[in-house]
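> Structure provided below as structure tokens; questions to follow.
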Amino acid sequence: GYPESLTDPSYHAQILVLTYPLIGNYGVPDELERDENGISRWFESDRIWAAGLIVGEVSTRACHWRAKYSLGKWLAKHQVPGICDIDTRALTRRLREGVTLGRIIQGLPPTTPLPPLEDPNLRNLVAEVSVKEPRTFNKDGAIKILAIDCGLKYNQVRCLIKRNAKVVLVPWDYKPDPNEYDGLFISNGPGDPDMCRKVVDNLKSVIQNKIIKPVFGICLGHQLLSTAAGCNTYKTKYGNRGHNLPCTHSGTGRCFMTSQNHGYAVDVDSIPDEWKVLFTNENDQTNEGIIHQSAPYFSVQFHPEHTAGPTDLECLFDIFIDAVKSYKNNEQCIINNMINEKLKYVPTIPERPKKVLILGSGGLSIGQAGEFDYSGSQGVKAMQEEKILTVLINPNIATVQTSKGLADKVYFLPITPEYVEQVIKAERPTGILLTFGGQTALNCGVELEKSKIFEKYNVSVLGTPIQSIVDTEDRKIFAEKISAIGEKVAPSAAVTTVEEALEAALHIGYPVMARSAFSLGGLGSGFANNEDELKLLAHQALSHSDQLVIDKSLKGWKEVEYEVVRDAYDNCITVCNMENVDPLGIHTGESIVVAPSQTLSNREYYMLRNTAIKVIRHFGIVGECNIQYALNPNSEEFYIIEVNARLSRSSALASKATGYPLAYVAAKLALGIPLPTIKNSVTGVTTACFEPSLDYCVVKIPRWDLAKFSKVSTKIGSSMKSVGEVMSIGRT
């Protein structure tokens, strides 16, 4: 999101420090490209507003199909200095003590004393960034929105136009008259809200006017509307700046990821009686929004229009526009009720079990090894913390999860339906966890459900429902469910015989990929360029499983995956996203993988994140899941490859890469505990409902041990041969 941030007027007269480890990787798109409304298509204004840029490492090569310039060339063109090779983590720790004044000097520091630094907050920065003359966008829009430009980002205009509004952008000190618009919008902007007394006085006369029309403010606009309503603002110690700040909605208690950039906040104790809190920051409990009890006035501290950042609450624009239309048609509406209605979710909370059975990972095999020992032991730990008795089945004595002091009782038995039934009969647990022992445990759970064993002994499956697991594993159902929400899986067909396979391949077109369903580590899969190769593959694959999947070959596309977490209250976050250095066609377990992803622009990253959240909600997954995408390297076309509704090898990597204990959190969520109430295990004080942003890189490389198998091919491909993986962490 660096092209968006640098052109955000809120950063006027500020030196911007970016800690993300991939600045410049995807270059900068074309500045001259405009959309149908004449707005710069890829940027938040027509120039760079930040005074300078500080990064740890900069990429001088732009690797992206949309890149027009490298970041350095673009900054030079606008005469904005950028410096790299700075320890941004040490600098961030300094800035955590409070924002400081600074300057960039070339060469050695001069011996003579420098002139004192001027504080930009003493200037009226809003007047410097605001438009000088009114501008109209989408002149044929159905409703007229007057937007007060205090430092507006173009995406706010785009969000309004998209909902068919005519937008009239006016200078910051313009005096709005309720007779000349249908709705009033107040934008974000730089500096101290106290500098904008004029705007506050203008807003006072609007909200005291007899003619009532909806008002919506964002960021600085929120502080100005709050001040006009009679609240006080104060300078916060740290400010909130980033794309992963959790905000809780007061009406429904749901928590959303938001994008923020501000150093001032509204004092909650000063909110007048006819107003109330709309959103609260889940980490530092500062105010994130206020709303009038009866009149259609509301504002938020975060950026629902995002760019850069998550799009979770863009629906606030829908609500604002709907309210504007209602008032235009002389119909009353209460915005607070509209927001509650939009964000409402009715959860189904399981009864809390007294004793839980956990299916462990079984014997070690290629594709299923230490990672499930890790997830299982985390699950046991989480249950112990909640004072729930745990019974573990795992035939492998060489595991951490079976050691003394973890589970209350361990059975060293094979993970097969017969043995598991015996244990259920003897122990009578009230709940069972299936997603912590890899594919073996999952398949066993599906069998037990089919044969009605859980029903017979009254055992409830905790976390993700069995039906969701079947829906993600069965390729045919999976493809149908994905297309039901308007997303795409790669063209494929599920077949049960070699003849059907050949027919399907003709229909899809060679080259194709064949793989067996319900299998682990891509067992029996491979690519076929013609009928003979496919015959061979199909015979092999059908010996492992009774269903075979024929896919369109997307060899050479980027492979990207996200780890997604959802609780029973529909709070969703993506914890980690990873990109395979090897293109599609090489199994993830055989690939070199890097986190965070290195070549995705902000737009692509959030496009895939939105889809991931849409999918996890649609399948009703509770806990953790992993979603893999194929992304065309030359466009925004993508396909969903698969969804693992369980903890996988990638989630073990993601946990260690981000310091976010996925398995531990998933176990707590399976009990119906809301995500925002779980504490972040690293800080101990902030919430676990957040998306870690890394200022370092993690690279994973597989480890192969083929010495024992003399005839095996050493070529890597779509089925996994690696026995483990090694992870390295570095700042660059």
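The values are calculated or read from the model by the stated rules, or taken from the named source; none is laboratory data. Bear in mind that the values here come from a model prediction, so they are computed numbers and not experimental data. Note that we place each Cβ from the backbone using ideal geometry, even for glycine, and neighbour counts take in every protein chain shown. Each accessible area value is taken on the protein alone, full model and side chains, heavy atoms only, with ligands, DNA and RNA left out. Shrake-Rupley method; radii C 1.70, N 1.55, O 1.52, S 1.80 Å.
> Report the Cα centroid-to-centroid distance between region 594-616 and region 422-471 in angstrom, as an integer.
Measuring centre to centre over Cα atoms gives 32 Å.
> Roughly speaking, what is the stretch gain from GLU447 to SER681, that is 0.36 nm per residue apart minus the C-alpha to C-alpha distance, in nm to one decimal?
80.7 nm
> Turning to a different aspect of this structure: Which whole-number value in Å² is the accessible area per residue of the chain, probe 1.4 Å?
The answer is 41 Å² per residue.
> Could you check the simple spin-label distance between ASP173 and SER365, using points 7 Å along Cα→Cβ, in nm with one decimal?
7.6 nm
> Compute the signed sum of charges (Lys and Arg +1, Asp and Glu -1) over the other residues within less than 14 Å, Cβ to Cβ, of HIS303. List each step's numbers first, then the result.
Details: positive: LYS153, ARG158, ARG241; negative: GLU4, ASP8, GLU44, GLU288, GLU305, ASP312, GLU314.
Once all neighbours under 14 Å are counted, the net charge is -4.
> Let me ask something else. In nm, give the distance between the simple-model label positions of HIS544 and ASP140, each being 7 Å from the Cα along the Cα-to-Cβ direction.
Here the answer is 5.7 nm between the modelled labels.
> Filter the trypsin sites (Lys or Arg not before Pro) in region 116-166 to those in DSSP coil with at most 11 other Cβ atoms within 10 Å of their Cβ, and list the result.
LYS132, LYS139
> Are there any trypsin sites (Lys or Arg not before Pro) in region 294-379 that are in a DSSP loop and have at most 16 other Cβ atoms within 10 Å? List them by number.
Loop-located and lightly packed - LYS344, LYS354.
> For LYS700, go through the lysines and keep the ones whose alpha-carbon is under 26 Å away, minus same-chain ones fewer than eight residues off.
Straight-distance partners of LYS700: LYS555, LYS558, LYS656, LYS708, LYS715, LYS721.
> Sticking with this one: Give, as ranges by residue number, the residues of region 422-447 whose backbone N falls under 18 Å from the point 7 Å along Cα→Cβ of LYS456.
Under cut-off, by backbone N: 422-432, 444-447.
> Using modelled amide H (1.01 Å from N, peptide plane; none on Pro or chain starts), what sits under 5 Å from the amide H of ASP408, excluding residues fewer than 5 places away?
So ASP408 has HN proximity to THR390.
> Of the GluC sites (Glu not before Pro) in region 19-61, which ones lie in a loop per DSSP and count no more than 10 other C-beta atoms within 10 Å?
Here the GluC sites (Glu not before Pro) that fit, given the DSSP loop and packing criteria, are GLU36.
> Taking θ as phi - 60°, what are the ³J(HN,Hα) couplings along region 394-407 by the Karplus curve (6.51, -1.76, 1.60), each to the nearest whole Hz, with x for Gly and Pro?
7, x, 8, 6, 8, 10, 6, 5, 8, 6, 4, x, 9, 6
> While we're on this one: For a quick check: with amide H placed at 1.01 Å from N, whose amide H comes under 5 Å from SER259's, ignoring anything fewer than 5 positions away on the same chain?
HIS303
> If R0 is 60 Å, what FRET efficiency do you get for TRP704 and GLN293 from their C-beta distance, rounded to 0.05?
0.40
> Give me, ordered by chain and number, the residues 5 or more places off TYR569 or on other chains with an amide H under 5 Å from its own placed amide H.
LEU675
> Pull out the extension gain between GLN285 and LYS162, defined as 0.36 nm times the separation in residues minus the alpha carbon to alpha carbon distance; nm, one decimal.
41.0 nm
> Please list VAL99, VAL410, VAL215 from largest to smallest accessible area, probe radius 1.4 Å, with all protein chains kept in place.
The ordering from most to least exposed comes out as VAL99, VAL410, VAL215.
> Moving to a separate point now. Grab the Cα-Cα distance for ASP269 and THR92, subtract it from 0.36 nm times how many residues apart they are, and report the gain in nm with one decimal.
Answer, rounded to one decimal: 60.7 nm.
> Sticking with this structure for a sec: For P(r) over Cα pairs in 20 Å bins from 0, in percent, the choices are (1) 15, 41, 32, 11, 2; (2) 16, 45, 31, 8, 0; (3) 10, 25, 27, 20, 12, 5, 0; which was calculated from the structure?
Computing P(r) over Cα pairs in 20 Å bins from 0, in percent and matching it to (1) 15, 41, 32, 11, 2; (2) 16, 45, 31, 8, 0; (3) 10, 25, 27, 20, 12, 5, 0 gives (2).
> HN-Hα J couplings of region 25-38 from phi, Karplus 6.51/-1.76/1.60, θ = phi - 60°, integer Hz, Gly and Pro as x?
Couplings: 4, 9, x, 9, x, 5, 5, 7, 6, 10, 8, 5, 9, x Hz.
> Let me ask another. For labels at LEU536 and ILE349 in the simple 7 Å Cα→Cβ model, what's the distance in nm?
Simple spin-label model gives 5.8 nm for this pair.
> Follow-up question, since we're still on this one. So how many Lys-Lys pairs in region 209-360 land under 29 Å Cα to Cα, not counting same-chain pairs under 8 apart?
Final tally of qualifying lysine pairs is 19.
> Continuing with this model, one more query. Going by the alpha-carbon gyration tensor, a ≥ b ≥ c the square roots of its eigenvalues, is region 571-610 rounded (a/c under 1.5) or, if a/c is not under 1.5, prolate (a/b greater than b/c) versus oblate?
Judged from the Cα gyration tensor, region 571-610 comes out prolate (a/c at least 1.5, a/b above b/c).
> Could you go through region 716-732 in sequence order and give the Karplus-derived ³J(HN,Hα) for each residue, using 6.51 cos²θ - 1.76 cosθ + 1.60 with θ = phi - 60°, rounded to whole Hz, and x for Gly and Pro?
Each residue's phi maps through the Karplus curve to give 8, x, 8, 10, 7, 10, 6, 9, x, 8, 10, 10, 10, 10, x, 7, 10 Hz.
> Put LEU364, LEU413 in order of accessible area, largest first, 1.4 Å probe: what do you get? Numbers along the way, then the final one.
On the way: LEU364 115, LEU413 45 Å².
So, going from the largest accessible area down, we get LEU364, LEU413.
> Within region 98-124, name every residue whose backbone N is under 14 Å away from a label modeled 7 Å from Cα of TYR234 along the Cβ vector.
Answer for region 98-124: none.
> Measure off, as a whole percent, the carbon and sulfur share of the 1.4 Å-probe accessible area of region 491-552, all protein chains present. Don't jump to the answer; show the numbers that get you there.
Values: 1580 of 3020 Å².
Of the solvent-accessible surface of region 491-552, carbon and sulfur hold 53 percent.
> Let me ask something else about it. Compute the FRET efficiency between LYS614 and ASP582 as 1/(1 + (r/R0)^6), taking r as their Cβ-Cβ distance and R0 = 30 Å, and round to the nearest 0.05.
0.65
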